[in-house]
1. Determine ³J(HN,Hα), in whole Hz, for all residues of the range 70-79 in sequence, where each value follows from phi through the Karplus function 6.51 cos²θ - 1.76 cosθ + 1.60 and θ = phi - 60°; x replaces Gly and Pro.
2. Counting other Cβ atoms within 10 Å, which trypsin sites (Lys or Arg not before Pro) in the range 83-176 have at most 10 and lie in a DSSP loop?
3. Please give the length that would be gained between M248 and M68 if that part of the chain were fully extended, namely 0.36 nm times their separation in residues minus their C-alpha to C-alpha distance (nm, one decimal).
4. Relative to the present Cα-Cα distance, how much length would full extension add between M118 and R194 at 0.36 nm per residue of separation?
5. Longer than 28 Å from Cα to Cα, which of K27/K135; K38/K320; K172/K291; K172/K236; K27/K79 are they? Say none if no pair is.
6. Have a look at the DSSP beta bridges in the chain and tell me what percent are antiparallel, nearest 5.
7. Can you tell me the relative contact order of the chain? Whole percent, Cα pairs under 8 Å, sequence separation 6 or more.
8. Any idea how far apart H61 and T137 come out in nm if each label point goes 7 Å out from Cα toward Cβ?
Amino acid sequence: MLTIAVDAMGGDHAPKAEVDGSIRAAKTLGVKIILVGKQDVLRAELAQHGDWQALPIEILHASEQVTMEDSAAKAVRSKRDSSIRVASRLVRDGLAHGVVSAGNTGAVMATAKMVQGMVPGVDRPALASAFPTLKGTPVVVVDVGANVDCSPRMLAQFAVMGDIYSRVAFRKPRPRVGLLSIGEEEHKGNELTRAATPLLKALPLHFIGNVEGGDIFTGDLDVIVCDGFVGNVALKVGEGLVDMIYQMLRESLEATITRKIGYVLSRTAFHDFKKRLDYSEHGGAPLLGVKGVCIITHGRSNANAIKNAIRVAKELAGGKINERIEAELSNGHPPRAAANAD
């Protein structure tokens, strides 16, 4: 049985969402959960669930909590007994296979990188996010915020890690990989994308070339590579657009439905639409390139989001994603000679 550590004090709704989601995961996913946080608070929350003691759930006390207002540097340097740091130590020490947190993204990334360490061959870790598409199969976008400034070699590493993530998590036998730019032609884009293109071409991947922003949602791609600045803007624009469409559609339905049967049918379609775009169904964003598995999910995550983040952590740990990343990069892809030219 795989063990997943959950930072139970990180999210906006902590610890209720973390505890509820962990109980759902323990009941349905066949995993052991270690809830990390203030012991008395967690015991009080677990007491709301009478059957929790029969489940593979443990509590590990951590006296400190990283808030959304804390800087990453402060979280790493001064809060040495924070719930995210204690959870990351469990992964480092081999007592857990992965960690899930809905906490401060910068602090979680910095802590995981420092405590868990890096997979050999990876220059920088990258956040990968699954975007919904018209064809119903998610596209993995790497990086969505871990690295604002990137080198061409880093983008090549992101492509390798994104390709492996797509194969492990979404069962894609040969993911189609694209480089996010402002046009399909190779000469378009900025200095970074033009320099990264030959490195991506040299990889043993199904690289299809440059793609544009509109290609993110078509379903014609499985992995899209970009620097963290561009990827984070795309992520936040996409989330904002989904929220706007959701609100506009709900208002339109409520204003135009006049018959009960039409209302029922429209509500069914509406809820199906909402589920397809619901971030909580995708299980958060893995921080690819750190040892062990680290899943970062929304601060506003509900129990369903936490449960699915634990599911993704289990899938990636079970699929030995780090071993596969290390093996791919150790084969000389991307080549070291290209890195020296950056």
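1. Once θ is set to phi - 60°, the couplings for the range 70-79 become 5, 6, 4, 4, 5, 4, 6, 7, 9, 9 Hz.
2. Details: sites: R85, R89, R92, K113, K135, R153, R167, R171, R176; in loops: K135, R171.
Those that pass, being in a loop and sparsely packed, are R171.
3. On the way: separation 180, 0.36 × 180 = 64.80 nm, distance 2.98 nm.
Here the answer is 61.8 nm.
4. Numbers: separation 76, 0.36 × 76 = 27.36 nm, distance 2.74 nm.
Net length gain for the segment: 24.6 nm.
5. Values: K27/K135 31 Å; K38/K320 31 Å; K172/K291 23 Å; K172/K236 26 Å; K27/K79 32 Å.
Listed pairs above 28 Å: K27/K135; K38/K320; K27/K79.
6. Values: 9 of 39 bridges.
That works out to approximately 25 percent antiparallel.
7. On the way: 719 pairs, mean separation 80.2, N = 342.
Value for the chain: 23 percent.
8. Output for this residue pair reads 5.0 nm.
None of the figures in this text is laboratory data; all of them are computed from the coordinates on show. Note that the structure is a prediction, hence the values are computed from the model and not measured. Using ideal geometry, Cβ is built from the backbone for each residue, glycine included, and neighbour counts are taken over all protein chains shown.
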